[in-house]
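The structure appears below as structure tokens.
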Amino acid sequence: MMEQLKTTPSQTVGPFFAYSLTAEQYGYGYNSIVNDVLTGDGIEGRMICIKGQVFDGAGSAITDAMIELWHADNFGQYRETCINGKNDGFMGFGRVGTGTNSNGEFSFTTIKPKFSDNRAPHINVILFMRGSLHGLYTRIYFSDDEKANTDDELLNNVPAERRHTLIAQKNKSDGIATYLFDIHMQGENETAFFEL
Amino acid sequence: METEEKIFDTQPPYLYPEYKSTILRSPTKPLILTKSFIKDLSMPVFGESCIGEFDNDLTKNAAKGGQPIGERIKVSGKVMDKYGRPVPNALIEIWQANSAGRYIHKLEIHDAPLDLNFLGAGRMLTDKEGHYMFYTIKPGAYPWGNHYNAWRPNHIHFSVIGHQLDQRLVTQMYFPGDPLFDYDPIFQAVPKHARELLIARFRMDWTEAEFALAYEFNIVLNGSKQTPFE
Ligand SMILES: [Fe+3]
């Protein structure tokens, strides 16, 4: 076994990340590599919108969190080529802050990932915020994939009473399908986070 | 093996009550263990075209006809996995306060001057050997609302995207000998033996004469994928 180095400790993202990490969304004079749109024009797949809020242990919406999404395309394939900036075809990677909407709501537009390798369609979520000394990892599954969700290995690893915290609820609406995915840091509906 | 993991546990806890915002923002239930295929998931790769000409020079990338006020410094280092192997093409994004301790963020209320020639944001990719380098000015300390008379030590925020999901790191780089270390709960939340890992090393030998002092800050990412044997 090779000698191991000590890994660099994690620190909070703090309240002031926006002018670097999500500058365009917040209106700062700096460009952003990625944003809330994870797909480009003419990409095969069903357009969806994912909306939600992040709540603290007192039930207040958190307005200084940053969320990253990373997911596979309509063929179950993650993007492997370099991302060269926004609108570079299917990127599958996006990032937003919760500070530009007065109630802390976030919103992503993308295509629904496909079922692959016996895993239900899902989106990887990495969450950062002031007051969190680590990035937190969780997943979004979809309420209309009931059968696939039942067979999903990772979901089956989650205690049954907590599985609902990972399932985005489809909101019946005209046009783009919208899924609601709220994140609760604590409380009755505390989101299931995974150890990496 | 488990003992080894313990020895190398360099990470702060989720809940650290002295850092007050962790109280309502940290998970109360244990994290759920995942299979290694999830930790190994490849992260997005970013191309050179994402990086602007002066993105690794914060003294230039927002200058409006002048130079930012403050002590010019060069920060460089290497991004590695826990076996010491370089992590090339990692995306590093940075942000910091100006030399007066003021962030340009709209919600920043600290009554210190803004600097028209300084934004405080930058980004870069590591090279084939995992190296990165940027110029900036040394950030100032600033007060915050955690407790009466709370001040953050001078620091630069780092966001790093490595090759795998478990190589996504957000951290802060500090400067040697900062008298505020003992009073900062964010720094203190890190186990004592690991705090030095967040402090850049002053490198006289890397200093650019008549131009900039130099600091070395190496970053060691997790990385469960490779289990090499020697
Ligand atoms: Fe800061």
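Brief remarks on what is shown
- Of all the residues in region B:52-64, those that are among the acidic types (Asp, Glu) and in contact (Cβ under 8 Å) with a residue 60 or more places away in the chain number 2.
- When residues in region A:1-22 are screened for being more than 7 Å from every other protein chain (Cβ to nearest Cβ) and open to solvent by less than 30 Å² (accessible area, probe 1.4 Å), 1 of them pass.
- Screening B:Phe158 on (1) away from the ligand (no atom under 13 Å from the Cβ); (2) closer than 23 Å to B:Gly84 by Cα shows it passes everything except condition (1).
- Verdict on B:Ser224 being at the interface with another protein chain (Cβ under 9 Å from one of its Cβ atoms) and either out of contact with any helix residue (DSSP H, G or I) (no Cβ under 7 Å at 6 or more places or on another chain) or modelled with pLDDT of 95 or more (or both): no
- Taking residues in region B:20-46 that are within 7 Å of another protein chain (Cβ to nearest Cβ), and partners anywhere that are open to solvent by 70 Å² or more (accessible area, probe 1.4 Å) and of a type in the set (D, E, K, R), the pairs with Cβ atoms closer than 7 Å and at least 6 places apart or on different chains are B:Ser21/A:Arg130; B:Leu31/A:Glu195; B:Ile32/A:Glu195; B:Leu33/A:Glu195; B:Thr34/A:Glu195.
- Total residues in region B:93-111, condition open to solvent by 10 Å² or more (accessible area, probe 1.4 Å), under 17 Å from B:Trp151 (Cβ atoms), free of Cβ contacts under 8 Å to residues at least 40 places away in the same chain and not charged (D, E, K, R): 2
- Evaluation of B:Arg123 against (1) charged (D, E, K, R); (2) open to solvent by 10 Å² or more (accessible area, probe 1.4 Å); (3) assigned to a strand (DSSP E or B) (one fails), failing number: (2)
- Apart from one condition, B:Arg203 fits all of (1) of a type in the set (D, E, K, R); (2) farther than 16 Å from B:Leu221 by Cα; (3) within 16 Å of the ligand (Cβ to nearest atom); the exception is (3).
- Residue that is farthest from the ligand (Cβ to nearest atom) [pool: residues in region B:161-177 that are open to solvent by 20 Å² or more (accessible area, probe 1.4 Å) and away from chain A (no Cβ under 11 Å)]: B:His163
- One residue stands out in region A:53-68 among those that are of a type outside the set (Asp, Glu) and surrounded by fewer than 22 Cβ atoms within 10 Å (Cβ to Cβ): the one that is nearest to the other protein chains (Cβ to nearest Cβ), namely A:Gly57.
- Within region B:113-155, the residues that satisfy the criterion of being under 15 Å from the mean Cα position of the chain (by Cα) and away from the ligand (no atom under 16 Å from the Cβ) are B:Arg123, B:Met124, B:Leu125, B:Thr126, B:His131, B:Tyr132, B:Met133, B:Phe134, B:Tyr135.
- Output for region A:74-92, where each listed residue is in contact with a His (Cβ under 8 Å, 6 or more places away or on another chain) and on the phi < 0 side of the Ramachandran plot: A:Tyr78
- Condition check for B:Ser49: free of Cβ contacts under 8 Å to residues at least 24 places away in the same chain and not in a loop (DSSP other than H, G, I, E, B): yes
- Of the residues making up region B:86-101, those that are within 16 Å of the ligand (Cβ to nearest atom) and assigned to a loop (DSSP other than H, G, I, E, B) are B:Ala97, B:Asn98, B:Ser99, B:Ala100, B:Gly101.
- Evaluation of A:Phe106 against (1) facing chain B (nearest Cβ under 9 Å); (2) closer than 21 Å to A:Thr191 by Cα (one fails), failing number: (1)
- On the stretch given as region A:33-52, residues that are open to solvent by 10 Å² or more (accessible area, probe 1.4 Å), within 22 Å of A:His184 (Cα to Cα) and either part of a loop (DSSP other than H, G, I, E, B) or out of contact with any Leu (no Cβ under 7 Å at 6 or more places or on another chain) (or both) total 2.
- Exclusive hit being open to solvent by 10 Å² or more (accessible area, probe 1.4 Å), within 14 Å of another protein chain (Cβ to nearest Cβ) and under 20 Å from B:Tyr16 (Cβ atoms), set B:Asn146, B:Asn218: B:Asn146
The values are calculated or read from the model by the stated rules, or taken from the named source; none is laboratory data. Nothing here was measured: the structure is a model prediction, and the numbers come from that model. So basically every Cβ, Gly included, is an ideal-geometry build from the backbone, and we count neighbours across all protein chains shown. Ligands, DNA and RNA are stripped out before the accessible areas are found, and what is left, the full protein with its side chains, is counted by its heavy atoms. Shrake-Rupley method; radii C 1.70, N 1.55, O 1.52, S 1.80 Å.
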